[in-house]
Amino acid sequence: MKKKIIGFLTVATAVTLLAACGGGGSKTSSSDTKDGGADKVETAKFPKTQNTKAKALEGETLNVALPFDDQIQGVWSYALYEDAYDGTLLEIADDSLFLTDNEFKYTNGGLADVEFDREKNTATVTLRKDLKWSDGEALTADDVVFAYEVVAHKDYTGVRYDEKLQNIVGIEDYHAGKADTISGIKKVDDTTVEITYKELNPAIQYGSGLLSYAMPKHYLSDVPVKKLQESDKIRKNPVTTGPFYISNVKVGESVEYTKNPYYYGNKPQVDKIVATVVPTTTVVDELKNKKYDIALDMPTDTYDSYADIDGYTNLGREELYYSYIGFKLGKFDAAKGENVMDPNAKMGNVKVRQAMAYAVDSEQLGEKVYSGLRVFANSVIVPASGDVYDADLEGYKFDEAKAKSLLEEAGYKDTNDDGFVEDPDGKEFVVNFAAMAGGESSQTVADFMKQSWENIGIKVEYTTGRLIDFNSFYDKILGDTDDVDVYAAAWGVGTDPNPSESFGRKAQYNMMRYNSEKMDEVLGRIASADAFDEAKNKAAYKDFQALVKEEVPAFPLNYNYRIILVNDRVSYFDYDYHADTTNRWADVAVSEKDRK
């Protein structure tokens, strides 16, 4: 599954394309959790599925609200989109090639099956027969190959050409312009593609180095790769594989979907879906006025305001997500294609980073601001990832005295009695903090962070002097602007726990720009064939988590519980990760004309 940068304060969902069955139940409140983040909020046992078993009405339109305090970017391509909001909306119109099992490993039965051969280091992708795109054209092996050729092209403008894909034989020569094709990717016949890797590793089972989408070659091949992301064929009239196709886009505001007559899976139960961006400040009132059938990704900081809206049921699940504080330690060198650390970076002293981590009481943040729907995170691997998560790792639990001691050990002392430390050379030390606008509590949470650091003597100023809107925020962070030293963000980890996309030397989403030989070594072990041995795999992940804690390029704050609201006229909607169905939006149904 695709991974995403997501809003720390607005907090979009971190998942795409996975759904499943769940149980019924009633709305509940939340409470405290145990240390370490390994346990869910005990009383937040929300159902994951609404199923009234009432007969579905035909010809209906489903209205969906997406709470968000900015305009959506509207990049309707899995190869090219960059934030969770686009990904959430794209899910309605585009299917993954592969289904997954209860451990998030790829399984057969979707658009395509996949078979791995460890001896030959190959993955063989076999499409169903007679598949079609939403425009009626055949979906073939050429479209699977084309996706790799776009993502690995030298003019590709997205961020998915990474170290995982570079494990494919011949892809680096293609990317460098030394070859016209990718030698390790071969079309066997119209429905079969064989991909050869330098080394097959266990992460391939989760899709690491294996694109989970095709791209319509017949429709996009006439558009230069460098212009794809901004083209109308991506932004306004995309050709997709899902149960619905995008039939109308109001830029930044709403997306209309119409039933796809060529869909291979379960036939959609509604004729149309209209998804509208709704400000987080007004979404509760609009739900009370029965304007929407489903509200996705409700802000957890205002849970009390929608905990019990008449006519709606709350569905919930633990997210594959963590919020975090990142330290800018360098820049991405596009010429080298890798992150390069700055030896003079303001946040270069590890003890200062450790001090700032100990200074933040993220347990209190989750309990007081988010009604217990966020819990303390001890690791940048999430509990939902299973055995590779280290529940025994002692995270950065709040310890103000230790934070102050670490600053003093690093030579950061208040030499002029103004209440703030100076650096070891006696110069003023001011940290520029980038925080994101969005949601009722955004300023409260940002101020909490700022005050936490000022409590230990670090002077903090907001980048731009105020909170930054979502799109501008990531322009700054990904663009490595000089006015950001520390930033608050969130990361949707996806179903593949391999952290190389956010910590790898060549990963553009390694927004800290951190690298080290130690990190190269441990990520290499995670990605090696030796990691097919479960004990070695678990050990490598444990070492990775310990290294992140030790060197602190970033530190996690909270794991998240995600809530959506579903009106009682919706007779079926499945919000779980694991399902036998191909796309949950194909199965959503309504049984009443009017919202209740």
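Which one of these is out of contact with any strand residue (DSSP E or B) (no Cβ under 7 Å at 6 or more places or on another chain) and at pLDDT 95 or above: 487, 541?
541
Would you confirm whether or not the stretch 514-527 contains a residue that is outside any helix (DSSP H, G or I), in contact (Cβ under 8 Å) with a residue 40 or more places away in the chain and touching a Lys or Arg at 6+ places or on another chain (Cβ under 7 Å)?
Looking for residues that are outside any helix (DSSP H, G or I), in contact (Cβ under 8 Å) with a residue 40 or more places away in the chain and touching a Lys or Arg at 6+ places or on another chain (Cβ under 7 Å), one finds at least one in the stretch 514-527, hence yes.
Does any residue of the stretch 188-203 turn out to be of a type in the set (D, E, K, R) and not in a loop (DSSP other than H, G, I, E, B)?
Scanning the stretch 188-203 turns up at least one residue that is of a type in the set (D, E, K, R) and not in a loop (DSSP other than H, G, I, E, B).
Do any residues in the stretch 461-480 that are at positive phi have Cβ atoms under 9 Å from those of residues that are aromatic (Phe, Trp, Tyr) and in a strand (DSSP E or B), where the two are at least six apart or on different chains, and which pairs are they?
Pairs that qualify, where the first residue is at positive phi and the partner is aromatic (Phe, Trp, Tyr) and in a strand (DSSP E or B), are 480/332.
Go over the candidates 535, 527 one by one and state the one that is out of contact with any Phe, Trp or Tyr (no Cβ under 9 Å at 6 or more places or on another chain) and surrounded by 23 or more Cβ atoms within 10 Å (Cβ to Cβ).
Just one listed residue meets the conditions, 527.
Could you tell me which numbered condition residue 559 fails, if it satisfies all but one of (1) over 30 Å from residue 55 (Cβ atoms); (2) touching a Cys at 6+ places or on another chain (Cβ under 8 Å)?
(2) is the only condition that residue 559 fails.
Are any of the residues in the stretch 272-284 over 17 Å from residue 563 (Cβ atoms), modelled with pLDDT of 95 or more and in contact with a helix residue (DSSP H, G or I) (Cβ under 6 Å, 6 or more places away or on another chain)?
yes
Which residues, taken from the stretch 337-364, are part of a helix (DSSP H, G or I) and surrounded by fewer than 17 Cβ atoms within 10 Å (Cβ to Cβ)?
Selection gives 350, 364.
Within the bounds of the stretch 553-573, is there any residue that is more than 30 Å from residue 93 (Cβ to Cβ) and either free of Cβ contacts under 8 Å to residues at least 60 places away in the same chain or not in a strand (DSSP E or B) (or both)?
Of the residues in the stretch 553-573, the ones more than 30 Å from residue 93 (Cβ to Cβ) are 553-558.
Next, from what is left, pick out any that are either free of Cβ contacts under 8 Å to residues at least 60 places away in the same chain or not in a strand (DSSP E or B) (or both): 553.
Among the residues of the stretch 553-573, at least one is more than 30 Å from residue 93 (Cβ to Cβ) and either free of Cβ contacts under 8 Å to residues at least 60 places away in the same chain or not in a strand (DSSP E or B) (or both), which makes the answer yes.
Any residue at all in the stretch 61-74 that is surrounded by 23 or more Cβ atoms within 10 Å (Cβ to Cβ), modelled with pLDDT of 95 or more and among the small types (Gly, Ala, Ser)?
The answer is yes, given that some residue of the stretch 61-74 is surrounded by 23 or more Cβ atoms within 10 Å (Cβ to Cβ), modelled with pLDDT of 95 or more and among the small types (Gly, Ala, Ser).
Quickly run through the stretch 395-435 and pick out the residues that are surrounded by 15 or more Cβ atoms within 10 Å (Cβ to Cβ) and of a type in the set (A, V, I, L, M, F, W, C).
Within the stretch 395-435, 398, 403, 406, 407, 410, 420, 421, 429, 431, 433, 434, 435 qualify.
Can you tell me which residue within the stretch 294-313, out of those that are at pLDDT 95 or above and within 24 Å of the chain's Cα centre (by Cα), is farthest from residue 491 (Cα to Cα)?
Result: 294.
For the stretch 467-489: of the residues being within 22 Å of residue 350 (Cα to Cα) and among the hydroxyl-bearing types (Ser, Thr, Tyr), which is surrounded by the fewest Cβ atoms within 10 Å (Cβ to Cβ)?
That would be 481.
When only residues in the stretch 185-205 that are surrounded by 21 or more Cβ atoms within 10 Å (Cβ to Cβ), touching a strand residue (DSSP E or B) at 6+ places or on another chain (Cβ under 9 Å) and not β-branched (Val, Ile, Thr) count, which is modelled with the highest pLDDT?
To start, the set of residues in the stretch 185-205 that are surrounded by 21 or more Cβ atoms within 10 Å (Cβ to Cβ) comprises 185, 193, 195, 197, 200-205.
With the extra rule that they be touching a strand residue (DSSP E or B) at 6+ places or on another chain (Cβ under 9 Å), the set shrinks to 185, 193, 195, 197, 200, 204-205.
Next cut, not β-branched (Val, Ile, Thr) only: 197, 200, 205.
Numbers: 197: 97, 200: 91, 205: 89.
The selected residue is 197.
Go through the stretch 64-111 and report how many residues are over 19 Å from the mean Cα position of the chain (by Cα), touching a residue at least 40 places away in the same chain (Cβ under 8 Å) and not in a loop (DSSP other than H, G, I, E, B).
2
Quick check on my filter: what residues within the stretch 390-433 are assigned to a loop (DSSP other than H, G, I, E, B) and aliphatic (A, V, I, L, M)?
Initial filter on the stretch 390-433 (assigned to a loop (DSSP other than H, G, I, E, B)): 390-399, 410-412, 414-421, 423-427, 429.
Within the stretch 390-433, 391, 393, 410, 421 qualify.
Here is a yes/no grid of residues against (1) over 29 Å from residue 526 (Cβ atoms); (2) in contact (Cβ under 8 Å) with a residue 60 or more places away in the chain:
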site	(1), (2)
134	yes, yes
139	yes, yes
151	no, yes
161	no, no
170	no, no
176	no, no
196	no, yes
207	no, yes
212	no, yes
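Does residue 333 count as free of Cβ contacts under 8 Å to residues at least 12 places away in the same chain, charged (D, E, K, R), surrounded by fewer than 20 Cβ atoms within 10 Å (Cβ to Cβ) and in contact with a strand residue (DSSP E or B) (Cβ under 7 Å, 6 or more places away or on another chain)?
yes
Scan the stretch 273-312 for residues that are touching a Ser or Thr at 6+ places or on another chain (Cβ under 8 Å) and either in contact (Cβ under 8 Å) with a residue 40 or more places away in the chain or more than 24 Å from residue 45 (Cβ to Cβ) (or both) and report the count. First the steps, then the outcome.
To start, the set of residues in the stretch 273-312 that are touching a Ser or Thr at 6+ places or on another chain (Cβ under 8 Å) comprises 273-277, 280, 284, 292, 296-297, 299-304, 307.
Restricting the remaining residues to those that are either in contact (Cβ under 8 Å) with a residue 40 or more places away in the chain or more than 24 Å from residue 45 (Cβ to Cβ) (or both) gives 273-277, 280, 292, 296-297, 299-304, 307.
The number of residues fulfilling the criteria is 16.
The values are calculated or read from the model by the stated rules, or taken from the named source; none is laboratory data. Quantities reported herein were computed from a predicted structural model and do not represent experimental measurements. Positions of Cβ are backbone-derived with ideal geometry, glycine not excepted, and every protein chain shown enters the neighbour counts.
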